[in-house]
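Just so it is clear, none of the values below were taken in a lab; they were calculated from the coordinates. The structure displayed is predicted, hence computed values, not measured ones. Every residue, glycine among them, receives a Cβ derived from its backbone with ideal geometry; neighbour counts consider all protein chains shown.
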Amino acid sequence: MSAGARWPRVLLKVSGEAFADAGGQNIDGAVVRRVAIEIAQVRDDLGVDVAVVVGGGNIWRGMAGAGAGMDRAQADYMGMLATVINALALQDTLEQVGQPTRVQSAIHMAQVAEPYIRRRAIRHLEKGRVVIFAGGTGNPFFTTDTTAALRAVEIEAGVLLKGTHSGTDGIYTDDPRTNPDATKLDTVTYLDVLNQGLRAMDSTAITLCMDNNLPIVMFDLLGEGNIRHVLEGGAVGTLVQ
């Protein structure tokens, strides 16, 4: 690992919406390529172990299905399948730019992904491969934010990098897209996020990180060079600890 990297191993959470095209759906190949190039560069230049958890909101959101009357568990399983599609897209793009990658799914899909096995995932990371975790936790009623917190703790990552989109570059006192008086917070505690209802990650994910002393950096994923800036200690996003 480069002396300039703050953490030797990181887990990056990428929302499905970040991959969406202009219509908010499907997959925008140009966006996926930008993210893939940045991941590959920090892996090569800084020597940081990188794992990724991808969401599926650009294809299907379980909560939306449940809100329309679908059985919640069924809707959530559909969302888990959507994350596999995004994981395969990211894997293909990473390998196009020369970065060896493995997809591990919590839902068994032997033809397209390995099953999630903690020790195997860690071994892949040690060999310089990027590991993409798909299929959520494999259980309904849990978000991919919670998956990211769980996998980060399991692989002993030093930090959870929560990549945002739509121009939001951290945690604010309110939604900056609707309230121009919202103030960006550079550093907050886990309890601040929980007690003040700040827009960050769901409470299960925050609590899991708090219980395991896992810091979170929430930052604008689509800002050019931001992944590298965070890892090199730049003043990017909001630190939760």
Item to check | Criterion: closer than 23 Å to Leu125 by Cβ, surrounded by 18 or more Cβ atoms within 10 Å (Cβ to Cβ) and of a type in the set (D, E, K, R) - qualifying residue of Arg33, Arg61, Arg43, Arg6 | outcome: Arg43
Checklist outcome for this item: Taking segment 9-30 and keeping only residues that are hydrophobic (A, V, I, L, M, F, W, C) and buried (at least 22 other Cβ atoms within 10 Å of the Cβ), one is left with Val10, Leu11, Leu12, Val14, Ala18, Phe19
Checklist entry - Do you know which of the residues in segment 122-161 that are small (Gly, Ala, Ser) and buried (at least 20 other Cβ atoms within 10 Å of the Cβ) is nearest to the chain's Cα centre (by Cα)? => result Ala148
Checklist entry - Being small (Gly, Ala, Ser), surrounded by 14 or more Cβ atoms within 10 Å (Cβ to Cβ) and out of contact with any Lys or Arg (no Cβ under 6 Å at 6 or more places or on another chain), is that true of even one residue in segment 184-198? => result no
Next on the checklist: Could you check segment 162-180 and list, in sequence order, the residues that are surrounded by 11 or more Cβ atoms within 10 Å (Cβ to Cβ), part of a loop (DSSP other than H, G, I, E, B) and of a type outside the set (Ser, Thr, Tyr)?
Outcome noted: His165, Asp169, Gly170, Asp174, Pro176, Arg177, Asn179
Next on the checklist: Could you go through segment 108-120 and let me know if any residue there is loosely packed, with under 14 Cβ neighbours inside 10 Å, in contact with a strand residue (DSSP E or B) (Cβ under 6 Å, 6 or more places away or on another chain) and more than 18 Å from Gln241 (Cα to Cα).
Outcome noted: yes
